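Asker: Input: one structure, supplied below.
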Ligand code: FAD
Ligand code: NAP
């Protein structure tokens, strides 16, 4: 489809190109139409291109004359001309979470006929939710809001020193918090449905599984089955919490899938696990005033910088969280029913024959998540998954071993399990499949933050990993404590918040690891992650003027190396 003007020489060149390829085309000369100006305005809005000729091939926007010739040279044009119309859809996306929705919407913007299937299998406790996947319903969003609830509690405690009279008893109401968060999530669910409708993406609330090549069976809540076909498929089915596989776990324990909509306050809680989910949940539950114990199988935050992990768990310990280290649950027994009830947990040591037991109102399992790939019928079409954990290996363009099947998000083998990563991968995949792009998702130096009471943000390598890759003698580590100004007046502890960078001496002191433990670590880390993408060096940090008084400014004044062994504790303010 060529939108042009009768006198346009570029339009004529494009016509010649299509004729030479033996391809039939439609042409609209806008200068000959009464509503030509309005059509051109609409085209500009749709494609961000104000000029003519404006070319679409099989509903995909290619661009103007130059872009069309470039696409011809790169082979993309021929690919677009060959697109299959023998299927119901150009693209079917399985999973309406962060990655799936981003991919589906982008493909639709590029003019493709797209379907998204999303279905939430209720948790063993019966919890389920709406469209949007883990992040919106049972992940980042409710987690961050509960984290905020806990931070507000801390702010209330601090506020006395700033002149607020909080001498009357201030209590937290779990039900009010959950209701407000769930209402907000419902509005997001609705927003997602609306945005799919606006982009003409077909949304089906059914469970999808492959039955043969290019064909899936969709089963809805009532058990009704319908089959759909597509030229291409994107798998974005995410993960679900793992269970221990011991007596009583599925009957009596909850997971993060249940916590954020729990209709009653969980009370005294045992959190099993010691990574992101476990520490974040333990952190906000303790911040809301609950008695919280974390059961750690090996170490806290395995894979993260252990220096920071130890400082973080020490802070949580000082702020009321009990850590039971080197224990795993062996049996969960219900002592009393109720909301919450009472559970007895017997745990065994990972180092010897010792067993211990404790009574809790709630046991929250946060022991990792399993990829939702084993009930997708992938074996019917030959898509390989890892035997070990069900993750999907893909090449650098997110393509599985079956050429028309792609995958993004948490189910990918060896990739960070984070919302912005899934979104970026999904969006870029759609652009490569259906647009004129070849940009790949960059999985290196992805920043992240653990939203514990004291947030831990990082980007790049842990000190352990940096030593493993680059050897200790080639690294210089700079570090410092810092005391947020807001903490001084409030009488909160000094020598707790911590900043560390790891530099590669063989590469201009390039910053290859960035770590910060302190308030708003997520906000701080985001900016420094951009700097790292631009090749941040220690010299550039030194040359940067800080913003005073902030926490982030500490990175512009780091002058103590870890190797010097100099004391970094701060005596005054
Ligand atoms: P998901 O968002 O999980 O979406 C997959 C969807 O597919 C789900 O709706 C699922 O029900 C559906 N589905 C599965 N199988 C089928 C099928 N056969 N048919 C139809 N539908 C199916 N990341 C961050 O970046 N920041 C955070 O602060 C953060 N906090 C988190 C907190 C918690 C408690 C958890 C659990 C995760 C958190 N994450 C966070 C991780 C983030 O949520 C995930 O990385 C992200 O949601 C992954 O997106 P996805 O598209 O791969 O899968
Ligand atoms: P995880 O990182 O896989 O950690 C699992 C934890 O459970 C580890 O501490 C592990 O201990 C422990 N564990 C595993 N099996 C156990 C068992 N049988 N008994 C006792 N403990 C056991 O899982 P996660 O915390 O669920 O996080 C999943 C992903 O979600 C993360 O990779 C992250 O990308 C994403 N996420 C991100 C955020 C964020 O961005 N803020 C927040 C939450 C989640 P060992 O170390 O001994 O194996």
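Read the figures in this text as sums done on the coordinates, not as results from a lab. These numbers were taken from a predicted model, which means no experiment stands behind them. When we count neighbours, we look across all protein chains shown, and the Cβ atoms used for this are built from the backbone with ideal geometry, even at glycine.
Asker: What number do you get for the range 294-344 when its Cα radius of gyration is normalised by 2.2 N^0.38 Å, N = residues?
Answerer: Rounded to two decimals, the normalised Rg is 1.47.
Asker: Something else about it: Using a ≥ b ≥ c from the Cα gyration tensor of the range 414-469 (square roots of the eigenvalues), is it rounded, prolate or oblate, where a/c under 1.5 gives rounded and otherwise the larger of a/b and b/c decides, a/b for prolate?
Answerer: Details: a/c = 4.06, a/b = 1.83, b/c = 2.21.
Oblate shape, in that a/c is at least 1.5 and b/c is the bigger or equal ratio.
Asker: Sticking with this structure for a sec: Using every Cα-Cα pair within the range 159-247, state what percent have a distance larger than 17 Å.
Answerer: Details: 2925 of 3916 pairs.
It works out to 75 percent of all Cα pairs.
Asker: Still on this structure: Under the rule of -39500 (n - 2.57) per DSSP H run of 4 or more residues, summed and divided by the residues of the chain, what mean residue ellipticity at 222 nm is obtained, to the nearest 500 deg cm²/dmol?
Answerer: On the way: 18 runs with 190 residues, N = 573.
After summing the helix terms and dividing by residue count, I get -10000 deg cm²/dmol.
Asker: Over the range 483-559, what relative contact order in percent results from Cα pairs under 8 Å that are six or more residues apart? Walk me through the numbers on the way to the answer.
Answerer: Values: 84 pairs, mean separation 20.3, N = 77.
Once normalised by length, the contact order is 26 percent.
Asker: Further question: Per-residue counts of other Cβ atoms within 10 Å, averaged by peptide: what ranking do you get for 534-540, 412-418, highest first?
Answerer: Numbers: 534-540: 15.7, 412-418: 17.6.
Packing order, densest peptide first, comes out as 412-418, 534-540.
Asker: For the range 354-453, just say rounded, prolate or oblate: build the C-alpha gyration tensor, square-root its eigenvalues into a ≥ b ≥ c, call rounded for a/c under 1.5, and beyond that prolate if a/b exceeds b/c, oblate if not. Numbers along the way, then the final one.
Answerer: On the way: a/c = 3.15, a/b = 1.63, b/c = 1.93.
Cα axes put the range 354-453 in the oblate bin.
Asker: Running Debye on the range 398-550 with equal point scatterers at the Cα sites and no solvent, what base-10 log of I(q)/I(0) appears at q = 0.19, 0.20 Å⁻¹?
Answerer: Those come out to -1.19, -1.25, one per q.
Asker: Note down the nm distance, to one decimal, between modelled labels 7 Å out along Cα→Cβ at residue 88 and at residue 23.
Answerer: Between residue 88 and residue 23, the simple spin-label model gives 2.9 nm.
Asker: Can I ask one more? Starting from one equal scatterer on each C-alpha and no solvent at all, send me the Debye-based log10 I(q)/I(0) for the range 298-431 at q = 0.14, 0.15, 0.17, 0.20 Å⁻¹, two decimals.
Answerer: -0.91, -0.95, -1.02, -1.13
Asker: Could you work out how much longer the chain between residue 559 and residue 488 gets when fully extended? Use 0.36 nm per residue separation minus the Cα distance between them, nm to one decimal. Don't skip to the answer; put the middle values down first.
Answerer: Values: separation 71, 0.36 × 71 = 25.56 nm, distance 2.27 nm.
Extra length available between residue 559 and residue 488 comes to 23.3 nm.
Asker: Along Cα→Cβ, 7 Å out, is where each label goes; now give me the distance between the ones at residue 264 and residue 331 in nm to one decimal.
Answerer: The modelled label-to-label distance comes out at 2.5 nm.
Asker: Related question: Mind ordering 477-484, 51-58, 70-77 by average Cβ neighbours within 10 Å, highest first? Could you put the intermediate results ahead of the total?
Answerer: On the way: 477-484: 20.0, 51-58: 22.4, 70-77: 15.9.
Output ranking for 477-484, 51-58, 70-77: 51-58, 477-484, 70-77.
Asker: What nm distance separates the two modelled labels at residue 542 and residue 186, each placed 7 Å from Cα along Cα→Cβ?
Answerer: Inter-label distance under the simple model: 5.8 nm.
Asker: Among 119-129, 448-458, how do they line up by average Cβ neighbours within 10 Å per residue, starting with the highest? Walk me through the numbers on the way to the answer.
Answerer: On the way: 119-129: 15.6, 448-458: 23.3.
Ranking, from highest mean packing down: 448-458, 119-129.
Asker: Helix 306-318 against the longest principal axis of the chain: what's the angle in degrees, Cα atoms only, rounded to the nearest 10?
Answerer: In the chain, helix 306-318 runs at an angle near 50 degrees to the longest axis.
Asker: Let me ask something else about it. Gap in Å between the Cα centre of the range 363-387 and the Cα centre of the range 163-205?
Answerer: 29
Asker: Kirkwood Rh, Cα Rg: Rg to Rh for the range 202-351? Intermediate values should be presented prior to the final figure.
Answerer: Numbers: Rg = 20.2 Å, Rh = 18.4 Å.
That ratio equals 1.10.
Asker: Only Cα pairs under 8 Å and at least 6 apart count here; give the relative contact order of the chain as a rounded whole percent. Can you show the working numbers first?
Answerer: On the way: 1144 pairs, mean separation 71.6, N = 573.
Reported as a whole number, the value is 13 percent.
Asker: Under the definition of Cα pairs under 8 Å and six or more residues apart, what whole-number percent is the relative contact order of the range 164-319? Could the numbers behind the result be given before it?
Answerer: Values: 117 pairs, mean separation 22.6, N = 156.
Reported as a whole number, the value is 14 percent.
Asker: Would you work out if the range 382-440 is rounded, prolate or oblate? Take a ≥ b ≥ c from the square roots of the eigenvalues of the alpha-carbon gyration tensor; rounded if a/c is under 1.5, else prolate when a/b is larger than b/c, oblate otherwise. If you can, show how the numbers build up before the last one.
Answerer: Values: a/c = 2.80, a/b = 1.36, b/c = 2.07.
It comes out oblate by the Cα gyration axes.
Asker: For helix 36-47, report the angle its Cα long axis makes with the longest principal axis of the Cα atoms of the chain; keep it between 0 and 90° and round to the nearest 10°.
Answerer: Relative to the chain, helix 36-47 is tipped by roughly 40 degrees.
Asker: Quote the FRET efficiency, to the nearest 0.05, computed for residue 195 versus residue 46 with a Förster distance R0 of 25 Å and r equal to the Cβ-Cβ distance.
Answerer: Numbers: r = 16 Å, r/R0 = 0.65.
Result of the calculation: an efficiency of 0.95.
Asker: Eigenvalues of the Cα gyration tensor times 5, then square-rooted: what semi-axes does that give for the chain, in whole angstrom, largest first?
Answerer: Numbers: eigenvalues 446, 199, 106 Å².
Gyration-tensor ellipsoid for the chain: 47, 32, 23 Å.
Asker: Next up: Just to be sure I understand: of the beta bridges DSSP finds with both ends in the chain, what percent are antiparallel, rounded to 5?
Answerer: Details: 59 of 93 bridges.
The answer is about 65 percent antiparallel.
Asker: Give me the number: length gained by fully extending residue 7 to residue 173, i.e. 0.36 nm times residue separation minus the C-alpha to C-alpha distance, one decimal in nm. Could you put the intermediate results ahead of the total?
Answerer: On the way: separation 166, 0.36 × 166 = 59.76 nm, distance 7.08 nm.
That works out to 52.7 nm of additional length.
Asker: Quick one: Cα centre-to-centre distance for the range 45-90 and the range 328-349, in angstrom?
Answerer: 60
Asker: Less than 15 Å from a label point 7 Å out along the Cα-to-Cβ axis of residue 342: which backbone N atoms in the range 255-286 qualify, by residue?
Answerer: Hits in the range 255-286 for residue 342 at 15 Å: 267-269.
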